[in-house]
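Read through the structure below, which is laid out as structure tokens, and then see the notes.
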Amino acid sequence: MGSTTPSATHTPRATPTTHTRHTTRRQTLAALAAAATVPVLPTAAAASTHARGERPVADTVLHNGRVTTFDPRRPEATALAVRGNRILATGTDAQMRRLAEDHTKLIDLRRRRVVPGLNDSHTHLIRQGLSYTHELSLAGVRSAAEALRLIRHQAEHTPPPQWVRVVGGFTRHQFTDGRLPTLAELNAAVPDKPVFLLHLYDRALLNRTALRLLGFTKSTPAPPGSEIEHDAAGNPTGLLIAKPSATLLYGTLARLPGLSPEDQHVSTRYYLRHLNARGVTGVMDAGGGHQTFPDDYDVVRRLHRAGQLTARIGYHVFTQRPGDELADFRRMAELVSPGEGDAMLRMLGAGEMLTYSAADFENFEEPRPELPGAMAAQLRSVLGFLGERHWPFRLHATYEESITRFLDVIEEVHGPEGPDVPFILDHAETISARSIDRVARLGGRVAVQHRMAFQGETFLRRYGAAAAAHTPPVRRMLRAGVPVGLGTDATRVASDNVWTALYWLVTGRTVGGHVIHPPESRLDRIAALRLLTQGSAALADEEQDRGTLSPGRYADLAVLREDYLSVPAHRIPEMASVLTMVGGRVVHGAAEHAALNPPLPPVRPSYSPLLTGANAL
């Protein structure tokens with residue numbers, strides 16, 4: 001493993017009514033150093049009882065464990081105490097037992113590793129929740145033949161008029177044969193029911209039945225930047241290609257029948273549990289194409305009102321109308337403002353799409369796209385409006401050439417010190433050292449994901465080993481003092497397995513097993529985990545409430561099936577939680593804690609891959 005990398009610096013939360021200029025790296029380090037000298041006294045509730053001379057009492061004590069707290073005052077412990085929804089204290093078993101009374105729940109950790117709850121700083125939970133229970137996942141499948149077997153099996157259990165759908169989250173590079181199923185194989189496997197198979201954001205395969213139901217013909221036009229493959233007779237073959245725009249791919253997906261509102265409600269609950277089972281307790285949702293506000297946010301809002309959210313969601317709103325982006329944001333600004341909500345569901349700002357002209361697609365199968373000349377003026381108008389409203393924003397930014405132009409516009413709108421609210425560059429695979437320093441000077445942040453774990457071989461073939469070795473340059477970002485959070489960009493261009501993201505940062509390997517990052521580009525296990533806990537919490541301006549298991553922070557934690565700090569590296573992607581808590585509430589339990597697992601409603605729909613056996617939770 002590489003040497004420990006310094007954790008990212010953070011800025012205070014900015015709200016629509018309170019705006020704090022970004023602190024410098026030196027100021028932040030000084031503040032952290034000063035904080036480290038403050039005596040520990042846990043929570044407001046505990047402070048109150050202490051002032052009255054009363055002994056603080058825990059509601060829950062987890063003991064006999066190995067607790068990684070990320071609290072500099074006590075980085076390791078064997079036990080922790082929870083009072084209400086916050087950490088009361090951490091320490092030895094004996095110390096924490098002194099905080100227990102008759103009503104206190106005692107949980108024996110059996111020497112398992114406990115870590116702060118994992119925070120995915122860039123994902124698409126809200127969109128995926130609406131379809132999770134009727135999508136077939138190929139994550140972890142090792143060959144094209146096995147993929148075809150699962151597709152055939154699911155088709156046998158899927159009634160008309162429903163579709164068999166695989167919507168990304170895997171890569172052909174994970175298959176030992178290094179290829180996707182062919183259209184001939186797909187048609188032979190499922191001749192009579194529609195199948196849609198999306199591979200990342202570079203192509204989709206439709207069988208003959210799907211082509212017929214969607215009405216694809218010789219004369220069906222492809223949108224700009226896309227291609228519909230035709231055979232020698234001019235008929236569509238079923239292959240849709242992004243060149244490099246994915247508009248054709250997700251536009252076609254949007255035409256497939258969706259779940260009913262009731263089934264979407266159940267589906268989202270199961271998707272949340274799926275994430276909880278990996279130890280995820282919070283996410284930043286980056287919006288998405290065909291994810292309209294407020295309609296497609298209704299399910300998570302209903303779950304929130306019912307107290308059924310089991311992960312903290314900070315969400316962004318995403319423009320949906322090319323050419324009318326400013327009007328889109330004006331409309332949404334009448335409906336919601338940054339900061340609205342609470343600790344379980346909060347609106348964070350705009351993005352990741354601000355204007356369609358600023359989209360530099362992450363499809364490494366195709367050459368880097370050239371952004372149109374009109375991009376600067378269009379982005380300037382949107383950023384100007386967001387600046388007037390003091391809206392934080394995030395911006396999809398894959399390539400250095402795009403990032404340079406985006407930063408130019410940000411400086412034009414906000415000046416050389418940057419905006420007075422946080423902004424995030426998403427992805428930043430090929431960002432240069434010069435642009436990293438500009439991001440630091442402008443008070444920006446970066447959200448990185450494990451997309452190279454899924455497309456590393458493709459990137460390597462196009463740009464070479466020297467370029468791939470530092471894509472993205474995470475260590476350089478951290479040295480510059482840029483706050484960095486880790487995430488997945490799930491669920492289409494990568495899987496939602498946060499442990500794969502950690503595996504990629506630690507080993508430099510893709511899911512296909514290829515080493516693309518040399519040791520000097522990797523992080524050690526602790527440094528990588530910091531980005532998925534503290535780093536991501538800081539990107540949401542919530543580092544004072546979560547990201548560490550420090551007294552006073554939310555009791556968001558995961559008890560791991562295996563010890564992340566010592567398990568062989570090749571098993572990191574298989575990591576899971578046996579006990580996940582959000583605000584002191586158990587949201588997932590397995591193994592010896594299975595009795596604590598909260599009940600869920602029956603899976604819907606009746607043909608769900610979770611019921612057919614094609615997928616597991």
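The values are calculated or read from the model by the stated rules, or taken from the named source; none is laboratory data. Predicted, not measured: the structure shown is a model, and the values here were computed from it. When we count neighbours, we look across all protein chains shown, and the Cβ atoms used for this are built from the backbone with ideal geometry, even at glycine. These accessible areas exclude ligands, DNA and RNA; they are computed on the full protein's heavy atoms, side chains included. Shrake-Rupley method; radii C 1.70, N 1.55, O 1.52, S 1.80 Å.
Under the convention that each Lys and Arg Cβ holds +1 and each Asp and Glu Cβ holds -1, the size of the dipole of segment 515-556 around its Cα centre is about 180 debye. Basic side chains Lys and Arg get +1 at the Cβ, acidic Asp and Glu get -1 at the Cβ, and with that the dipole of segment 518-614 about its Cα centre reaches some 260 debye. Average projection, convex hull of the Cα set of segment 364-419: 4.1 square nanometres.
At a Förster distance of 25 Å, what's the computed FRET efficiency of ALA222 paired with GLU411, Cβ-Cβ distance as r, to 0.05? List each step's numbers first, then the result.
Details: r = 37 Å, r/R0 = 1.48.
E(calc), rounded to 0.05, equals 0.10.
Within the same chain, lysines fewer than 8 places from LYS243 are excluded, and of the rest, those with a Cα less than 26 Å from its Cα are LYS218.
From the alpha carbon centroid of segment 435-505 to that of segment 524-550 is 17 Å. Segment 73-118 and segment 216-259 have Cα centres separated by 54 Å. For LYS105, the aspartates and glutamates whose Cα falls under 18 Å of its own Cα, not counting residues fewer than eight places away in the same chain, are ASP59, ASP93, ASP556, GLU592.
What value, in deg cm²/dmol to 500, does the helix sum -39500 (n - 2.57) over DSSP H runs of n ≥ 4 give at 222 nm once divided by the residues of the chain? Value at 222 nm, helices only, nearest 500: -8500 deg cm²/dmol. When the charge dipole of segment 380-437 is built from unit charges on Cβ atoms (+1 for Lys and Arg, -1 for Asp and Glu) and taken about the Cα centre, the candidate among VAL413, SER381, TYR399 whose Cα reaches farthest toward its positive end is SER381. Picking from ALA494, ILE572, PRO551, whose Cα lies most toward the positive end of the charge dipole for segment 479-617 (charges on Cβ: Lys, Arg +1; Asp, Glu -1)? It is ALA494, whose Cα lies furthest towards the positive end. Positive end of the dipole of the chain (Cβ unit charges, origin at the Cα centre): among THR281, PHE454, LEU62, the Cα lying farthest that way belongs to LEU62. Scaled to the compact-protein estimate 2.2 N^0.38 Å, what is the alpha-carbon radius of gyration of segment 353-469, rounded to two decimal places? Cα-based Rg divided by the globular estimate yields 1.07.
Computed from Cα positions, the angle between helix 375-388 and the longest principal axis of the chain comes to roughly 30 degrees. Summing Cβ point charges (Lys, Arg +1; Asp, Glu -1) relative to the Cα centre of the chain gives a dipole of roughly 1260 debye.
Rank these residues by their accessible area, most exposed first, probe 1.4 Å: ASP108, ASP496. Don't skip to the end; give the middle numbers.
Working: ASP108 65, ASP496 20 Å².
Ranked list, largest accessible area first: ASP108, ASP496.
Candidate cross-link partners of LYS193 among the aspartates and glutamates, defined by an alpha-carbon separation under 13 Å and a same-chain spacing of 8 or more, comprise GLU156. Annotation for GLU520 and TYR463: the two label points, set 7 Å from Cα along the Cα-Cβ direction, are 1.8 nm apart.
Peptide packing: for 336-343, 608-615, the average count of neighbouring Cβ atoms within 10 Å per residue gives the ranking 608-615, 336-343, highest mean first.
Taking all protein chains as they are arranged and a probe of 1.4 Å, the heavy atoms of LYS193 leave approximately 40 Å² accessible to solvent. Subtracting the Cα-Cα distance of ALA145 and ARG212 from 0.36 nm times their residue separation leaves 21.6 nm of extension gain.
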